[in-house]
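> My questions will all concern the structure given below.
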Amino acid sequence: MEHIEFDDNLFDERLAGEKNDTPAIQEAVLRILQAVGENPERDGLKRTPERVARMYAELLSGYHTDPNAVVNDAIFEVKYDEMVIVRDVEFYSLCEHHLLPFMGRVHVAYIPDGKVLGLSKIPRIVDLFARRLQVQERMTRQIADLIRDLLHPQGVAVVVEGLHMCMMMRGVQKHNARMTTSAMHGAFRANLATRQEFLENIGRGASPLQI
Ligand SMILES: [Zn+2]
């Protein structure tokens, strides 16, 4: 059990750009600018529709990413049945209710049953689901379900801590802006001590989530 950090990036701009309807996004952004009373021709805004379309290609690339391609050949047969924990995986997503960011960290644990996943693949799986329009609860479950389906482990657990801009920026229910969600399968659901070991590990030494 150790704390591992990653810096690799799943995003392939060329691939994502091909699959989005870029002109339609640009047109829509232009209309928003007009609708709020702005002048889309002024210098600062001139290229904004184009920039936003490119940004969405990146932030929503998860729709066009094949989970099998993400995992590729990185499933290994091993005789190891201790808990594997990957902690503090950063994520950035967009809430599907407001199209505003929510962000934070994901903690993943699983207990292998003959198969393990290359460690760099966990952040890629997180990105696969974070880079879509999301709600945190569903994202949490999707990460857990995919790892379960790929590895058929004895158990898998995912905890996500997120800060939600739609809560913070809009000034409503600020106390709810920080949200923790979890999804547990197998041993983590059935066995309190297993669950506890994971939760204690991710709680240890972690600084509070903040911007
Ligand atoms: Zn929202």
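The values are calculated or read from the model by the stated rules, or taken from the named source; none is laboratory data. This is a predicted model, so every value here is computed, not measured. So basically every Cβ, Gly included, is an ideal-geometry build from the backbone, and we count neighbours across all protein chains shown. Protein only, heavy atoms only, side chains kept; ligands, DNA and RNA dropped before computing areas. Shrake-Rupley method; radii C 1.70, N 1.55, O 1.52, S 1.80 Å.
> Compare the Cα positions of Tyr63, His98, Val86 along the charge dipole of segment 42-116 (+1 at Cβ of Lys, Arg; -1 at Cβ of Asp, Glu; about the Cα centre) and return the one farthest towards the positive end.
His98
> Now, a different point. Quantify, in whole percent, the carbon and sulfur part of the accessible surface of the chain (1.4 Å probe; protein heavy atoms only).
That share works out to 50 percent.
> While we're here: Starting from segment 73-114, pick out the GluC sites (Glu not before Pro) whose DSSP state is loop and whose Cβ has at most 13 other Cβ atoms within 10 Å.
Answer by residue number: Glu82, Glu96.
> In addition: Averaged per residue, what accessible surface does the chain expose to a 1.4 Å probe, in Å²?
Working: 11720 Å² over 211 residues.
Ligands and nucleic acids excluded, the result is 56 Å² per residue.
> Given Pro123, Val156, Gln134, which one lies farthest toward the positive end of the charge dipole of segment 100-181, if we put +1 on the Cβ of every Lys and Arg and -1 on the Cβ of every Asp and Glu?
Of the listed residues, the answer is Gln134.
> While we're looking at this one, here's another question. Would you please name the trypsin sites (Lys or Arg not before Pro) within segment 112-211 that are DSSP coil residues with at most 13 other C-beta atoms within 10 Å of their C-beta?
Loop-located and lightly packed - Arg170, Arg204.
> Okay, moving on. Please arrange Arg47, Arg31, Arg42 by accessible surface area, largest first, computed with a 1.4 Å probe and ligands excluded.
Correct descending sequence by accessible area is Arg31, Arg47, Arg42.
> Let me check I've understood the local charge: for Arg105, count other residues with C-beta under 10 angstrom from its C-beta, Lys and Arg +1, Asp and Glu -1. What total comes out?
-2
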